[in-house]
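Remarks on the structure that follows.
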Amino acid sequence: MTDVSEDVAFNAAIANDQAQLQADQDQAERGLETIKHAEMLQDQDAAIQARIDAGSSLDDAIDVSNKEFGPSAHPEQVQMRVAKRALMLQEGINPYPVKLDITSTIEEVVTKYTDEEGKSTLEAGAETDDFVGLAGRVLFLRNGGGLCFVQLAAGDGTHIQGMVSKREVGADSLKLYKQLVDLGDHLFLHGRVIASKTGELSIMVDQWRIASKSLRPLPALHKELNEEQRTRKPYLGMIVDQKSRDMVRNRAKVVASLRRNFDQRGFLEAETPMLQTNHGGATARPFETHMNAFDINLFMRIAPELFLKRMLVGGIDKVFEINRDFRNEGADGTHAPEFTMVEAYEAYGTYDTMAKLTQSLVQQAAIDAFGTTELTLVDGTPYSVGGEWKSITMYGSLSEKLGEEITPETSVEHLAALADKLGVEREEVENHGKLVEHLWEHFYTEDSRQLWEPTFVRDFPVETSPLTKSHRSIPGQVEKWDLYVRGFELATAYSELNDPVVQRQRFVDQAKMALAGDSEAMDIDEDFLEALGVGMPPAGGMGMGIDRLLIALTGATIRETITFPLVKPLQA
């Protein structure tokens, strides 16, 4: 029997080696193709430059049909912009200068000459002696005979008009301007602040310069970006879509608000490892990697909990971390494999104190980002996060829906029968707690109207919460709540387990579940148990997804709240 087992193991090892060798070969081939394509584009750029240097016009310098380099080469519009870059170099003009004589931002000039209602303080046709130098991205061009109009936009969407006239800049400069400037370029303008004949705040230009030549055209500014463009090229959304710009800025405001709120409460911000020898702190499937220097396998962090608790052991009584986490699970409207969350722990707190903290964090973030707790979602729906939030218990609310009392003593067999009767999906590895949660989710999370207003769902089964302290008065339950907003989970909190003997038992139970096939079960973390043995004070802890907080406050999807969401490569 031993010889057979050894043969099976040997053959499996050979198969794994062959599979790895094939994967390495495939990766090498893809890398070689990438290099060949990049070199082809490099050759095309050089060919265009050579034609310009030889005296060809812009039109003659490009190959509209791509006969020379093939269909995967630069399209016509990109070739033309590459040719303009080449012409600038030939003329001794740097397409990407290091420094420009900027004296003001677009925002500063617009603010200075705009009243509280957003109207220009200059009358139509008025001129000033205020000379400014500013720069922005070109979002509109209208070229005339002796006068050209250009609209520059700042990063926040503030825009100003530039007027480039033959009288002010000269015939040669105006001709070059018409030749070189495209939509999407970053453009520097210097001149007097005036109001046009129609009353639009403008710069009468006496000097101009391309600050950064754009080689790729912008998408149509009058059309909304499609999902593909928004997720694969979010920088385009930031340029052309006010909603995308607002999301980036509102996310920053929300994170800043959280940090201020914690700071005012005496919390210290920590940084804990992202690469970990054990995966723990949450029940989730981790990403695995390998560290060559130590020749060990590591896990990408699924939660910072166990390290932040070590800090409680060390005497840091109030601690929080805004952290990146990685979970190798599904991706949908509220889940992403890489996401940001905040976790906080307070010595001598409970899940009750964490509920008060979380309500304050969310409500203050709404006020700091949007000015109110009475919000308007992206689809126009009004939504309130103000006032005192509702609380229900998991067992009580489930019993209400089933029409019978469910307790921690309800048998697994009876719960399984209820699940089968209701058509609730079951897992291979099941226990009382998992069945209770699946039944509860069947009634409360499949219809967002069930938990529309912010609601704390309290007191969970012990089997599904291995890091949580047992309920102080109800056997078989733990002091845990999940916060639901419009039907999805936003945050969770515990009265933290600090008994090392019970924690070891919970870890062992989790490890057995992992051996039985539960890919989300935790490892036994002996180092954490040793730290817990030194003595961790009673504590409350909470975790909340930053991406989900933005979903709650705006009604956007998780991909819209993450600035650079992970998407599957097109060649995969």
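Details
- Scanning region 362-372 for residues that are within 15 Å of residue 251 (Cβ to Cβ) and either surrounded by fewer than 17 Cβ atoms within 10 Å (Cβ to Cβ) or not β-branched (Val, Ile, Thr) (or both) turns up 365, 366, 368, 369, 370.
- Filter result for residue 293 (in a loop (DSSP other than H, G, I, E, B), in the same structural domain as residue 550 (by the TED database) and open to solvent by less than 50 Å² (accessible area, probe 1.4 Å)): no
- Of everything listed in (1) of a type outside the set (S, T, N, Q); (2) open to solvent by less than 30 Å² (accessible area, probe 1.4 Å); (3) within 30 Å of residue 555 (Cα to Cα), the single unmet condition for residue 494 is (2).
- Single residue of 504, 458, 486, 472 found to be within 26 Å of residue 547 (Cβ to Cβ) and open to solvent by 40 Å² or more (accessible area, probe 1.4 Å): 458
- Taking the criterion of being part of a helix (DSSP H, G or I), more than 27 Å from residue 188 (Cα to Cα) and touching a Ser or Thr at 6+ places or on another chain (Cβ under 9 Å), the residues of region 219-255 that qualify are 230, 247, 250, 251, 255.
- Flag if residue 386 is open to solvent by 10 Å² or more (accessible area, probe 1.4 Å), farther than 26 Å from residue 496 by Cα and modelled with pLDDT of 95 or more: yes
- Failed item, numbered, when residue 392 is tested on (1) in contact with a helix residue (DSSP H, G or I) (Cβ under 8 Å, 6 or more places away or on another chain); (2) open to solvent by less than 40 Å² (accessible area, probe 1.4 Å); (3) among the hydrophobic types (A, V, I, L, M, F, W, C): (1)
- Inside region 316-359, residues that are among the polar types (S, T, N, Q) and either surrounded by 23 or more Cβ atoms within 10 Å (Cβ to Cβ) or assigned to a strand (DSSP E or B) (or both) make up a count of 3.
- Where residue 201 falls short, out of the listed (1) out of contact with any Phe, Trp or Tyr (no Cβ under 6 Å at 6 or more places or on another chain); (2) closer than 28 Å to residue 121 by Cβ; (3) not polar (S, T, N, Q): (1)
- Within region 369-383, the only residue that satisfies the criterion of being modelled with pLDDT under 95 and touching an Asp or Glu at 6+ places or on another chain (Cβ under 9 Å) is 378.
- When region 524-557 is filtered for residues that are buried (at least 16 other Cβ atoms within 10 Å of the Cβ) and in a helix (DSSP H, G or I), the ones remaining, listed by number, are 528, 531, 532, 546, 547, 548, 549, 550, 551, 552, 553, 554.
- Residue selected from region 400-416 under the condition of a type in the set (Val, Ile, Thr) and in contact with a Phe, Trp or Tyr (Cβ under 7 Å, 6 or more places away or on another chain), by the criterion least open to solvent (accessible area, probe 1.4 Å): 406
For every residue, the table says whether it meets (1) at negative phi; (2) at pLDDT 95 or above.
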site	(1), (2)
232	yes, no
251	yes, yes
256	yes, yes
259	yes, yes
267	yes, yes
277	yes, no
281	no, no
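The values are calculated or read from the model by the stated rules, or taken from the named source; none is laboratory data. As the structure is a computational prediction, the values presented were derived from the model and not from experiment. We place every Cβ from the backbone using ideal geometry, glycine too, and count neighbours over all the protein chains shown. Please note that ligands, DNA and RNA were not included when accessible areas were found on the heavy atoms of the full protein model with its side chains. Shrake-Rupley method; radii C 1.70, N 1.55, O 1.52, S 1.80 Å.
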